[in-house]
Structures are given as C-alpha cells and as structure tokens.
Amino acid sequence: MPPGMSHKPTVTAAGEIFFPQSRSLGIDPVEFSPALQQTITYAGVTARSFNHASDLLDKIGGLYVDPKQVERLTRKVGEQRLAERDAATTAWRDLPVPQKFGVPPAVTPPELAVVQCDGGRLQIRDRPTATAKPPTVPSAAPPAAVLVTPPTATVALAEGPSAPLAAAVAETTVDAARLQAEEFEEEPSKLRHWREDRIGLLLRMDSQPSANDPCPNVPDTFLDQTHIAELVRQLGPGARREPTDEATAATDTASDVAATAATRGDAATSGVVYQPPKVVERQVVATCQRWNAFAPMLAASAWSLGFMGATRKAFIGDGAANNWRLHKKFFSSFVAVLDFIHALSYVYAAAMAERSVAEGWACYRRWIEWTWQGRVSAVIEELGMRQAQLGEAAEEEPETSPRRVVAKALGYLRNQAERMHYDEYRRQGLPITSSLMESVVKQMNQRVKGTEKFWSTGGGEVIVQLRADQLSDGDPLDAFWQRRQETATGQRPYRRRAG
C-alpha cells in the first residue's frame, strides 16, 4: 500500500465491498451490545428513576449512559414485551371455551394454585398532541374518530409508537365492543393525574390438607391492641381514602401494616403454630389498562401455567365487586376467599363504635375469634342487635358516625359471608390473607409511584409490565432476551411516510 493518506474513492470502494452483514448475523442495530442492553434495562426498571439508573450504571458499573438513553431503551424493550403479552392474551381469547378452562399441552398443573389481584397507584400526564388544523365539522358534532377511539389509543398514536405497540393499540380498538360485554365497573378517577394500575399475582404453593383445623384459635398478632388499632386506622371502613397529589403515603402504610399482620400470624394462643402455605413460584401480571383488558390477561397467564387443572385452587380478594366479577367469569372453579385482614378491619371498627376502649376491645376479641373460626353468622347476629340498639343512620351523618360504621360492617359481612369459611380453608391448606399481594403492590409502587413522578400512558404501561416481569419467578425477562436475540435481524423498522 503506497504511503500517505488514503484517497476517498479507495475508501468508498472498500466500504461498498465489505458492507456489514447485519441481517444474516442478527446484529442488533443499537450502539450497546445485547448484554449491555439487558443491564441498562434492568437498571431502568429497578432504580427509583431513569436518572437514578444512570447514576448507578456510572458509579457501580463504570458505564455512563444518559438518562434519556436509559428511558428510550427501556421503553423500546418494554414495547416488545407488551406485544408478546398481548399476542398471548389474544391467542388465549381465540381458543374454544373448553380449552380456555383446560390445561395447555406439556404443562403440569400445580398441586395448589392461588390467584390474587389488587391495584396500586401512579400518575399519568401525557404531553399535549401537536396542534392540528381546526375541524371542518361544527363544534357540537366532533369527528367520528374521537367518539370511537379509546383515549389510550389516541395518545399512543400521537406519540408515534413502535410497530408492536401500534399493533396492540389497533387490537384494543377493534376488540373494544367485545371487552365491554365483560361487565366490569370502570370508575373514572376523581383525581387530576392519579390512576390505578391493576396487578395480579399467580402463586404455585405447597401445603398439606388436614382432617381438622390446624389452628382453631386466633393467632396472638391479631390480638395485639396497639398493632390492630394502627392497622384499622389505615385500612378500615372510612379510612381508605383516595390519595391526593400532595399526599399519598396512607395506602402504602396500610399495605405495610396489613402485610406485617399477616406474616406475623404464625403463633397461636393455644401454642399450636399455624403455618400458611409456602410459595413455590410466583408470576406477576400488571397493566395500567382497565379491568376489561386486565381480566383476560390474568386469565390467559393462569391458563398458561396450568392453574385450571390444579388439584386445589383458591382465589383471594378484598370486598371490591370487580374482584368477584373476575372470579365468577374466569375463576369460578376456584374457592373464593375473602382476605382475612379486610374482614378484621370491619369487625374491629364495628366493635369499637361508640364503646369505651375496654368494652370495645372485649367485643372485638369475641368477634374476631368467631371470624377466625368461620362462625361469621354469630358475628352478623350480634351486629344486627347492635345496629338495632343504635338505630338507623340519618342521611346527613358522616361516614365515621357509629351508626354508619356498624351498618357498613353488617352489610359487608352479610355480602361476604360465603367467602369467610376460614376454618375450612385452613383444613384444605388454602391461604386466607392477601399479604403476598400487598407486598407485590408495595414493590410495584416503589418504582412507579411518587408525588413528583409522572408517566405518559405508553410509558406507564411499559414500566409496570417490565416491573411485573422482574417481580416474577422463573426469570421471564431472561427468556425474553434469549428470544429477542434469536429473532434479531439487524434491520431498523423504518415507517413508510404517508402520501
């Protein structure tokens, strides 16, 4: 090779000959290697924020990645996971009904399958879309597209999603009428930005049924007066208020206290130790979408794990109506169990209403012992007499008035009585609390919830999906990265410009 600088025509010719074989080699067209992408995404989902993730990568890993790069890569990966999730849900939905409630091929059903669901909180605030030309129709008659397109679809398309997310939005739009037929109540938020994310927990558990109740006496932790007073203050009737933009710690505290109360409930007053079922494996399902979309996602995931063929099955929830609509529609073969902690909160509030501390505590101890033993009818009978003594509440009375507290507890226990046979559930080796669900909600909230954290509609959906994957056993994200690398083509997904 002659000395001196290479001439431009020579370099051009060499470049044309030795072009990169990205398609055949499956090279990902991103500046980071697949291993680094996995590391960056993990930090983006685990850290408190994308800025925090960037700091961790720099200080601990010696890798500087701009926070915006962390966010963009996390969103790109999350959209691919959303496409996989929605494809699996659609495939399940298209199965014949007998197969939906059967067991997939090559899947071994668990001995004990448990389904739980609840919700957390995050703030959604989408950027305004680009200014469009004024509509040609009168203002009283908006364009048809505004009437038929869900708000989430409008926002996502305005932000220019990748092809997988656009396909998922299209599927949601086309399937909207069918989803509405599932009859879940969708209550609009009364708050400015706060929205609820819906979280499901699928548990493979291990326990042994017994001929008798293994723990007939209520555990000491539910007879700790100071502890129970704090629990009910946060969780009980009239205390579960909506979070505000300025303060949202109350629901987190309630989750902490409830989870602690349940996990401490292993020592019984009689010396008999109650051992709740042990977790073998868990899978978390989460979305920011409404119940009509969340319900089939959870059912499809449970089906894929063989839950419908389990020997023993339980569905645990609080008194929310949508929980039991979900149970009736997709999990009717599962034993319905009302979370014992929520039952306790109503029993305590009613026992203490307009009574001295000593008198109210004695009443609570009697009622909670009956509740633990599955004798809820005895509690309902005494509550009915108590309501007769107090009289009916007037319309202007506040929710915290004794008459309203007792009436609410009486109605709650009457409505949930068929889900409160706790002695029988323990004999069957079934769990009776949703403490594991409360723990998952808290872990989800640690990433997505904060008074100064705001997500776009698409960004919120991405982060709760990836966080759910992280909280699941079996390393679903590791399997995803393997599939992603095996199917990589190295081609950038260019979109065709219109017109």
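The values are calculated or read from the model by the stated rules, or taken from the named source; none is laboratory data. Everything numeric in this text was worked out from a predicted model, so none of it was measured. Please note: Cβ atoms are built from the backbone with ideal geometry, for glycine as well, and neighbour counts cover all protein chains shown.
Taken together, the residues in the stretch 337-354 that are in contact (Cβ under 8 Å) with a residue 60 or more places away in the chain and of a type in the set (G, A, S) amount to 4.
Here's the yes/no breakdown for (1) closer than 30 Å to A343 by Cα; (2) at pLDDT below 95:
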{"residue": "N445", "(1), (2)": "yes, yes"}
{"residue": "G459", "(1), (2)": "no, yes"}
{"residue": "A468", "(1), (2)": "yes, no"}
{"residue": "G499", "(1), (2)": "no, yes"}
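Mind checking which pairs have a first residue in the stretch 391-402 that is surrounded by 13 or more Cβ atoms within 10 Å (Cβ to Cβ) and part of a loop (DSSP other than H, G, I, E, B) and a second that is at pLDDT 90 or above and among the polar types (S, T, N, Q), Cβ under 7 Å, 6 or more apart or different chains? Close Cβ pairs (under 7 Å, with a partner that is at pLDDT 90 or above and among the polar types (S, T, N, Q)) amount to A393/S401.
When you scan the stretch 421-441, do you find a residue that is among the basic types (K, R), touching a strand residue (DSSP E or B) at 6+ places or on another chain (Cβ under 6 Å) and either closer than 21 Å to Q116 by Cβ or free of Cβ contacts under 8 Å to residues at least 12 places away in the same chain (or both), even just one? Scanning the stretch 421-441 turns up no residue that is among the basic types (K, R), touching a strand residue (DSSP E or B) at 6+ places or on another chain (Cβ under 6 Å) and either closer than 21 Å to Q116 by Cβ or free of Cβ contacts under 8 Å to residues at least 12 places away in the same chain (or both). A single member of G44, G61, G78 is part of a loop (DSSP other than H, G, I, E, B) and either over 21 Å from S456 (Cβ atoms) or within 26 Å of the chain's Cα centre (by Cα) (or both), and it is G61. Taking the stretch 284-336 as the range and being in contact (Cβ under 8 Å) with a residue 12 or more places away in the chain, over 16 Å from L201 (Cβ atoms) and assigned to a loop (DSSP other than H, G, I, E, B) as the test, the residues that pass are C288, Q289, R290, G306, T311, G319, S333. Considering V257, V232, V280, the condition of being of a type outside the set (F, W, Y), modelled with pLDDT of 80 or more and closer than 30 Å to W361 by Cβ is satisfied by V232 alone. Where residues in the stretch 191-234 are of a type in the set (D, E, K, R) and over 29 Å from A349 (Cβ atoms), which of them is surrounded by the fewest Cβ atoms within 10 Å (Cβ to Cβ)? The residue in question is R192.
Answer yes or no as to whether V107 is among the aliphatic types (A, V, I, L, M) and either assigned to a strand (DSSP E or B) or touching a Lys or Arg at 6+ places or on another chain (Cβ under 6 Å) (or both). No; evaluated as a whole, the condition is false for this residue.
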